[in-house]
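A.B. asks: Take this structure, written in structure tokens, and hold onto it; I'll ask about it next.
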Amino acid sequence: MTARRPGGEPEDSQDRPGGMSRRQLLRHGAWFGGAVVLTVVGGEVISHVGGAAAAAADDPNALRFVQLSDSHIGFHGPANLDVTGSFTRAINQVNGLDRRPDFVMHTGDLTHLSTPAQFDQVHQMMGELHTGKVFVVPGEHDSVDDHGEKYRATFGAGTRGDGWYSFDIKGVHFIALVNTLALEKLGHLGVDQLEFIERDVAGLSSDTPIVVFSHIPLFAMYPTWGWGTDDATQALSYLRRFSSVTCLNGHVHQLFSKTEGNVTFHSATTTAYPLPHPGQGPAPIPLTLPAGALGDALGIREVTYETGQHDLAVRDRKLA
Amino acid sequence: MHRSWGWLPITQLAAAALAVAAATVLAACAMPSDTSYGQQAPAPATTADQATQPMPGMTGMVMPASAPGADAPVATNTVAIQNFAFAPGTVTVKAGTTVTWTNQDQEPHTVTSVSGDELKSPALNAGETFKHTFATPGHFDYLCTIHPFMTATVVVTP
């Protein structure tokens, strides 16, 4: 596990996948999962970051939320012949959890091609979630041809700028970012949004747990396929003084976790179809799995946090 | 076990078999059954192994050395969208020329200006085309909004 220095400067990590050739990446296979211990219990993956955070999962008063991602409503292809059915299963799974989540966050690519019909459909489906509140951030599939106008018309109420916002629940500060507009190769936040982040956290105590949502990873997971955000370093510099920062993203359609200094990153899986691991194949083309295997690659993520704990407990569950 | 190979040419099947073994290493951190991810052939050397250079503003992050349309310009008015790339990467046409893009991938793509509104296609599904007539000379960088690592250039001459 990467050494943690609360409140200090993030350690400069030299072992990022983006800096490697495919061959080097394979050679450094041990890098994967090296930062965060993932434990498999009965079909779910629990990440223990910094110790006993998972204990919060059993506390009825703990903060509890669900992350869904990359539902691609409107996708038609052999990788998933029924993305609507898969998303329905994910929603039913959330509704069947032992405890109702305080909120559900969908981290983007709600739709496949940003059509009005797809936005209507996914908006209606999300209305079926049994939870206190539903939040979303956009993916690049949600702004295919209009810089996110239809997305904001559907989901943008109460947001700032191109759709970013923040909120607080049970002592945790949440920041929801938009890094899928103004793209060129990589995700991009832009000057206005960076300024928003800086001001947003300025008045917070350094022991406030911070959770950041974005569609595209805020770390360099695989820049060759655009799996990174070119100005994320600037954004994370504003969060350096906080002892606990957790960044949750989608976009890559697979689980992945790592720690850099005070920040832990968790990429979520999808409810629609898997993508290849970084560099496996010429492009991030949807993977068609053998019959019956798709559900194992899809899933939902449950996150809990108990006041006073340092870290959040992240449980990734396969699609039920 | 039956596998669906999708885009994979037959000649790469042997290489893909090797990739399955390699993938099990990578799959160690993910969901338990996710060794089934390992169906892909290794990337061609030109894709993943090309030279890289540091990118300003993001310590430790690297990008492929190629810039938009860095390859040699080709005088043509047709561009293929194939294997998540625009080909040719840079085309040169005279003002008044109509350029046609054809999506030969199964995945949707767009033809969208990096800045400005010169190029603004809808999502192109498999086999669909997009045409645009360039009225004025200039250097037009564009990308696919869905896969923005796909970048290319149209150079319009007087």
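The values are calculated or read from the model by the stated rules, or taken from the named source; none is laboratory data. In this text, all values refer to a predicted model and were calculated from it rather than measured experimentally. With ideal geometry, Cβ positions are generated from the backbone for all residues, glycine too; neighbour counts draw on all protein chains shown.
A.B. asks: Only residues in the stretch A:81-93 that are farther than 13 Å from A:Thr270 by Cβ and modelled with pLDDT of 95 or more count as the first member; pair them with residues that are basic (Lys, Arg) and not in a helix (DSSP H, G or I), Cβ under 9 angstrom, at least 6 apart or cross-chain, and list the lot.
C.D. replies: As it stands, the answer is A:Gln93/A:Arg317, since those pairs meet every condition given.
A.B. asks: Just one of A:Ala283, A:Ala220, A:Ala320 is at the interface with chain B (Cβ under 9 Å from one of its Cβ atoms), surrounded by fewer than 23 Cβ atoms within 10 Å (Cβ to Cβ) and part of a loop (DSSP other than H, G, I, E, B); which is it?
C.D. replies: After ruling out the rest, the residue left standing is A:Ala283.
A.B. asks: Follow-up. Is there a residue in the stretch B:123-134 that is in contact with a Phe, Trp or Tyr (Cβ under 7 Å, 6 or more places away or on another chain), within 14 Å of chain A (Cβ to nearest Cβ) and of a type in the set (Val, Ile, Thr)?
C.D. replies: So far as the stretch B:123-134 goes, no, none of its residues is in contact with a Phe, Trp or Tyr (Cβ under 7 Å, 6 or more places away or on another chain), within 14 Å of chain A (Cβ to nearest Cβ) and of a type in the set (Val, Ile, Thr).
A.B. asks: Let me ask something else about it. Given the conditions (1) surrounded by fewer than 23 Cβ atoms within 10 Å (Cβ to Cβ); (2) more than 10 Å from chain B (Cβ to nearest Cβ); (3) not small (Gly, Ala, Ser), and given that A:Asp231 satisfies all but one, which numbered condition is not satisfied?
C.D. replies: Status for A:Asp231: all satisfied but (2).
A.B. asks: Applying the selection to the stretch A:182-214, what residues are under 27 Å from A:Gly308 (Cβ atoms) and outside any strand (DSSP E or B)?
C.D. replies: Hits for the stretch A:182-214 are A:Ile197, A:Asp200, A:Val201, A:Ala202, A:Gly203, A:Leu204, A:Ser205, A:Ser206, A:Asp207, A:Thr208, A:Pro209.
A.B. asks: Would you mind listing the strands (runs of 3 or more DSSP E) fully within the stretch B:74-158 where at least 2 residues are of a type in the set (A, V, I, L, M)?
C.D. replies: Result: B:78-81, B:90-94, B:151-157.
A.B. asks: Right, A:Thr229: more than 14 Å from the chain's Cα centre (by Cα) and of a type outside the set (A, V, I, L, M, F, W, C) or not?
C.D. replies: So A:Thr229 does not fit the description; no.
A.B. asks: Scan the stretch A:234-258 for residues that are within 13 Å of chain B (Cβ to nearest Cβ) and either hydrophobic (A, V, I, L, M, F, W, C) or part of a strand (DSSP E or B) (or both) and jot them down.
C.D. replies: Once the filter is applied, which keeps residues that are within 13 Å of chain B (Cβ to nearest Cβ) and either hydrophobic (A, V, I, L, M, F, W, C) or part of a strand (DSSP E or B) (or both), the stretch A:234-258 yields A:Ala235, A:Leu236, A:Val252, A:Leu255, A:Phe256, A:Ser257, A:Lys258.
A.B. asks: Counting only residues that are within 14 Å of chain B (Cβ to nearest Cβ) and out of contact with any His (no Cβ under 6 Å at 6 or more places or on another chain), which one in the stretch A:303-317 is surrounded by the fewest Cβ atoms within 10 Å (Cβ to Cβ)?
C.D. replies: Taking the candidates together, the pick is A:Arg315.
A.B. asks: Out of A:Asp82, A:Asp145, A:Asp70, A:Asp102, I need the residue that is over 19 Å from the mean Cα position of the chain (by Cα), more than 11 Å from chain B (Cβ to nearest Cβ) and of a type in the set (D, E, K, R). Which one?
C.D. replies: The unique qualifying residue is A:Asp82.
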